[in-house]
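Below is one structure, written out as structure tokens, with a few remarks after it.
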Amino acid sequence: MSAEPARLLGIETSCDETAAAVVTESGEVLSSVVSSQIDLHARFGGVVPEIASRAHVELLTPVVAEALLQAGMAGPEVAGVAVTVGPGLIGSLLVGVSHAKALALVWGVPFIGVNHLEGHLYAALLEEPDLELPAVVLLVSGGHTLLILMEGHGRYRLLGQTIDDAAGEAFDKVARFLGLGYPGGPAIDSAAMEGDASAIPFPRGLKDQGYDFSFSGLKTSVINYVTKNPEVETVDVAASFQEAVVDVLVTKSRRAARETGARAICLAGGVAANSLLRERTLDACIADGLSAYLPSRSMCTDNAAMIAAAGWWRLRSDGATPLDAGADPNLRLTLI
Amino acid sequence: MIVLGIDTATQQVGCALGGVEGPLASFHSARGRRHAETLVPAIDFTCRTARVDLSEVSVVAVDVGPGLFTGLRVGIATAKSLAQALRVPVIGMSSLDLLAHQVRHSPRLIVPVIDARRGEVFSALYRHVPGGLQRLTDYRVGTAGELANDLLARREEALLVGDGALRYSAVLADDSGFIEIGGVGAQWPSACDLVELAHPRALREEFVQSSELEPMYLRKADAEMNWAKREKA
Ligand SMILES: [Zn+2]
């Protein structure tokens, strides 16, 4: 018997990041390798599913080898292989799922199917093992905008979600319209630094109604405003747009924490890397006496360490996933 | 030397284990295109049936296409991953070569035809030569009508096999009597043929490392085709 702590290999290929990581049972990240395909998709202004799937096939073997190497492992000593089984692009998911199953078969260890969204919720736990619960989690990315009350491990209540575009999608679409490039989140974030956030009073869809979100009206107003005022400074549009998005996200998270009696607000997903969102969330938590959990930028965007972390929880609660399980592009979070 | 063969290039999922004595055990299922669900349990089943431990496998052989992209990638990702974990090399083989192999003794022109969807087929032409098959053309993708015209121009007896030949039999067959369409028994590549063909190659060490194995797509992603069109315009 070795005295080494048990370790899980995590694999993530649900969208345009090919990632693998090794995480110990106590949540220590021994390695986390992410190979981004952003450059492959940039000229198309968004992720192209077929191109993503092809890249995963090419990249996954070296990415897994690198993650094992960095963790100082040969492979067979892992306690299990966790992989994202959904939601995501089906062709991309299947590459990771096939890869993970084969490794689990050869090594004779559990195969663990993980929900990508649950992975994002576990990103914060990896960096803050003593996360105070219940916590309101704002999960915002290119594909998702969810407001969740996390009461405990595996115990989630859905408070609200977007009724049209995801927050990250709105950033991408507006950035493309303004000619700021792809991906839109970082492009708008940096352009906004130079602009006046109060220059244009863009609408705050559903801000004071319930917990659902709507961003398509905001995107349309940006397009209409710029079309009518072609001389407007792009940086002012970017700053005012970002202000409107963040205002809605923070107002709702804060109200949710108050109304549910949550003790913390936690950010997750790619949009959680946005500097204004982080700043405003922190301010709100300080004002309301709540803990704020702002995962590092690399933990906000898609990675495999969060999949391995959620995999540990799933292995303990549900055991191994059967090897004849598939992937589900529309997989939902199991709610209470 | 034991070879594990994996084939997911078409609607069928197949795997086989074998060595110098030929295939020891195999699994094939053409039902429902559930490649990712079926393949790894099938490999496990095949190993148990053949009483072979995966650690005894020396080479992983895989059908690299052309074929349906999503299924194809399931087989290739699985083969790469198995080879990585077992620390063994891989051998890639074309789905069209495998299909042609099934009818290799025919004196006619041999034409494997795989359904590529969107009204197109993957195909190549072969001829029986002493000791095996000679491929006469590139692996190619095109409409069934284009293939029919090519065959018509050759005015030579031809045997067409594969799911594409069956699907487009009305377009491909003609009244001349030159064209015969193979039956349903020869419509999918066989993982047993894959093992049989890969074994001598493995002995000659004609293999690659798993990272070097690439699928044969023959068709660009749609977005790239549209992009190329726009660039030209
Ligand atoms: Zn994500």
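Taken together, the criteria place residue A:149 among residues that are modelled with pLDDT of 95 or more, more than 14 Å from chain B (Cβ to nearest Cβ) and more than 16 Å from the ligand (Cβ to nearest atom). The criterion of being away from every other protein chain (no Cβ under 14 Å), in contact with a Cys (Cβ under 6 Å, 6 or more places away or on another chain) and either under 19 Å from residue A:78 (Cβ atoms) or not hydroxyl-bearing (Ser, Thr, Tyr) (or both) holds for residue A:272. When we screen A:328, A:302, A:324 for residues that are within 14 Å of chain B (Cβ to nearest Cβ), within 16 Å of the ligand (Cβ to nearest atom) and not aromatic (Phe, Trp, Tyr), the only hit is A:328. Checked against (1) in a helix (DSSP H, G or I); (2) at pLDDT 95 or above, residue B:171 passes all but condition (2). Considering A:20, A:79, the condition of being out of contact with any Ser or Thr (no Cβ under 7 Å at 6 or more places or on another chain), within 13 Å of chain B (Cβ to nearest Cβ) and within 23 Å of residue A:325 (Cβ to Cβ) is satisfied by A:20 alone. None of B:104, B:118, B:31 is among the basic types (Lys, Arg) and in contact with a Leu (Cβ under 8 Å, 6 or more places away or on another chain) except B:104. No other residue among A:17, A:25 is assigned by TED's automatic domain parsing to the domain that holds residue A:82 and within 16 Å of the ligand (Cβ to nearest atom) apart from A:17.
Within the stretch B:137-148, if we keep just the residues that are without any contact (Cβ under 8 Å) to a residue 24 or more places away in the chain and in a loop (DSSP other than H, G, I, E, B), the residue that is nearest to residue B:220 (Cα to Cα) turns out to be B:138. Away from every other protein chain (no Cβ under 14 Å), within 16 Å of the ligand (Cβ to nearest atom) and small (Gly, Ala, Ser): does that describe residue A:292? Against the criterion (away from every other protein chain (no Cβ under 14 Å), within 16 Å of the ligand (Cβ to nearest atom) and small (Gly, Ala, Ser)), residue A:292 does not qualify. Here A:106, A:81, A:63 are screened, and the one residue that is at pLDDT 95 or above, out of contact with any strand residue (DSSP E or B) (no Cβ under 8 Å at 6 or more places or on another chain), away from the ligand (no atom under 16 Å from the Cβ) and not aromatic (Phe, Trp, Tyr) is A:106.
Restricting A:267, A:249 to residues that are within 16 Å of the ligand (Cβ to nearest atom) and touching a Leu at 6+ places or on another chain (Cβ under 9 Å) narrows the list to A:267.
Checking every residue in the stretch A:172-182 against the condition of being within 16 Å of the ligand (Cβ to nearest atom), part of a helix (DSSP H, G or I) and either within 14 Å of chain B (Cβ to nearest Cβ) or not aliphatic (A, V, I, L, M) (or both) gives at least one match. Take residue A:284 and decide whether it is away from the ligand (no atom under 13 Å from the Cβ), assigned by TED's automatic domain parsing to the domain that holds residue A:155 and at pLDDT 95 or above. Taking the combined requirement at face value, the residue satisfies it.
Between A:132, A:118, which is more than 8 Å from chain B (Cβ to nearest Cβ) and either more than 16 Å from the ligand (Cβ to nearest atom) or assigned to a strand (DSSP E or B) (or both)? Answer to the selection: A:132. In the stretch B:1-34, the residue that is surrounded by the most Cβ atoms within 10 Å (Cβ to Cβ) out of those that are among the charged types (D, E, K, R) and without any contact (Cβ under 8 Å) to a residue 12 or more places away in the chain is B:31. Among the residues of the stretch A:217-235, the one identified as touching a helix residue (DSSP H, G or I) at 6+ places or on another chain (Cβ under 8 Å) and among the polar types (S, T, N, Q) is A:234.
Of all residue pairs spaced 6 or more apart or on separate chains, those with beta-carbon atoms under 9 Å, a first member in the stretch B:35-50 that is more than 9 Å from every other protein chain (Cβ to nearest Cβ) and a second member that is assigned to a helix (DSSP H, G or I) and buried (at least 24 other Cβ atoms within 10 Å of the Cβ) are B:46/B:191. Among the residues making up the stretch A:59-74, those that are small (Gly, Ala, Ser) and either in contact (Cβ under 8 Å) with a residue 40 or more places away in the chain or more than 12 Å from chain B (Cβ to nearest Cβ) (or both) are A:67, A:71, A:72. Taking the stretch A:192-306 as the region of interest, the helices (runs of 4 or more DSSP H) fully inside it that hold 3 or more residues being closer than 23 Å to residue A:164 by Cβ are A:216-228, A:234-260, A:275-288. When residues in the stretch A:83-108 are screened for being surrounded by fewer than 24 Cβ atoms within 10 Å (Cβ to Cβ), within 7 Å of another protein chain (Cβ to nearest Cβ) and over 18 Å from residue A:329 (Cβ atoms), 3 of them pass. Among the conditions (1) in contact with a strand residue (DSSP E or B) (Cβ under 9 Å, 6 or more places away or on another chain); (2) within 13 Å of the ligand (Cβ to nearest atom); (3) of a type outside the set (A, V, I, L, M), residue A:161 misses just one, which is (2). In the stretch B:57-85, what residues are of a type in the set (S, T, N, Q), at the interface with chain A (Cβ under 9 Å from one of its Cβ atoms) and surrounded by fewer than 24 Cβ atoms within 10 Å (Cβ to Cβ)? Scanning the stretch B:57-85 gives a single hit, B:70.
Every test in (1) within 30 Å of residue A:179 (Cβ to Cβ); (2) within 16 Å of the ligand (Cβ to nearest atom); (3) facing chain B (nearest Cβ under 9 Å) is passed by residue A:50 save one, and that test is (2).
Could you run through the stretch B:194-218 and say how many residues are touching a Gly at 6+ places or on another chain (Cβ under 8 Å), of a type in the set (D, E, K, R) and not in a loop (DSSP other than H, G, I, E, B)?
Quick first cut of the stretch B:194-218, residues touching a Gly at 6+ places or on another chain (Cβ under 8 Å) only: B:194-196, B:198-199, B:208, B:213-218.
Those left that are additionally of a type in the set (D, E, K, R): B:196, B:214.
Subset that is not in a loop (DSSP other than H, G, I, E, B): B:196.
Number of matching residues: 1.
The values are calculated or read from the model by the stated rules, or taken from the named source; none is laboratory data. This one's a predicted model, so the numbers in the text were calculated from it and none came from an experiment. Neighbour counts run over all protein chains shown; Cβ positions are idealised from the backbone, glycine included.
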